[in-house]
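What follows draws every value from the coordinates through simple rules; no lab data is involved. The structure displayed is predicted, hence computed values, not measured ones. FYI the Cβ positions are ideal-geometry reconstructions off the backbone, even for glycines, and counts take in every protein chain you see.
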Amino acid sequence: MNPRILISILLLTVTEHLIGQNASEIVRKADEMMRGEKSSYSEMTMRIVRPKWERSISFKSWSKGTELSLVYITSPAREKGQAFLKINREMWSWNPTINRTVKLPPSMLSQGWMGSDFTNDDLLNQRSIVVDYNHSLIGEETIDGWDCWQIILTPKPDAPVVWGKVLLWINKKNYLILKSEYYDEEKILVKTELAHHVKEMGGRTIPTFYELIPADEPGNRTIVELNTIKFNIDINDSFFSLRNLTQVK
C-alpha cells in the first residue's frame, strides 16, 4: 500500500477515535453538570399545557450516581404522596391512594410521566444518555447566543432505550444542554426540549427553565421550572429502597 494512503487512513482513524472520545466526554460532563458528580436534590414545578386546559405538578427529586433516583410528588393534593424509584435498570411507582407499589415494565418507559410530554425514561432513566448511546460530534451551532457543540447519540445494540437517535446542543463554556431533539426508530422527530433562563443556582450556572414541545401535537407543551437544587449532597444508598419509596416525604 502507498505509504501516503496508509498514513491518511491512520490519521483518519485516530481523528475519528479522538472525536468520539471528546463527544462522550462532553456528554458526560453535561450530564454531571445538572445531576451532580455524585448526587443531587432538587425541587421542581411542572406545568402541563394543552390547547384547552393546563395543570401544575410539584415534586422533589433525589439522585445518586447514574443508577439511583427517587421522585416524590408534593402537589396537587390528589396526587401528593405518589413516588417513583429507579435502581439500576429497574423502576417502581408507589400510589398511596391504592396502597400499592408497581414495578414498571420496559413497555412503560415511553409512556408520559404524570400525563406530561416527558416519558418515564426521561425522568427516571438518568444514566441513559451517558452509557446507552454512542456519541459523535457532528457540528457546531449558536443557540441563544451560546456557542454549542452539536452531538448525535445513537443507541448501542440491545440498549433499553426508546429513541432511535438523539441530537444534543451543548454549550462550550460550561457544558449545558441547551437543546435536545428526540427521534423515534424511524428517525422521525418526536419532540424538542429547550433550556432557558441560565443563572446561578446551587453554586453553578445552569438552565432553570425547560420546555418540551411535541412535534406532532400543536399547542401541547410541558414546562419545568427548577426552584431549588443542591449538588453532591451526603445521601446513603439505602435511601433508594422500596421501603423508603412508601415513606419518603
Per the C-alpha gyration tensor (a ≥ b ≥ c, the square roots of its eigenvalues), region 156-249 is rounded if a/c is under 1.5, else prolate if a/b beats b/c, else oblate; here it's oblate
Looks like region 46-148, by Cα gyration tensor root eigenvalues a ≥ b ≥ c and the a/c under 1.5 rounded cutoff (else prolate when a/b is bigger than b/c, oblate otherwise), is oblate
Summing -39500 (n - 2.57) over every DSSP H run of at least 4 residues in the chain and dividing by its residue count gives a helix-only mean residue ellipticity at 222 nm, to the nearest 500 deg cm²/dmol, of -5500 deg cm²/dmol
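What net charge do the residues around Ile206 carry, taking every other residue with its C-beta under 11 Å from that of Ile206, with Lys and Arg at +1 and Asp and Glu at -1?
Charge balance near Ile206 sits at +2.
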For the chain, the Cα convex hull volume per residue in Å³ comes to 152
Dividing the mean separation of Cα pairs under 8 Å (6+ apart) by the residue count of the chain yields a relative contact order in percent of 21
Around Tyr133 (Cβ within 10 Å, Cβ-to-Cβ, excluding Tyr133; K/R +1, D/E -1) the net charge comes to +1
Among Met46, Met34, Met108, the residue with the largest mean-square fluctuation in a Gaussian network model of the chain built from Cα contacts under 10 Å is Met108
Checked region 46-98 with the C-alpha gyration tensor, a ≥ b ≥ c its square-rooted eigenvalues, rounded below a/c of 1.5, otherwise prolate if a/b is larger than b/c and oblate if not; verdict prolate
Semi-axes in Å, largest first, for region 106-200 (Cα gyration tensor, √(5λ)) are 23, 16, 12
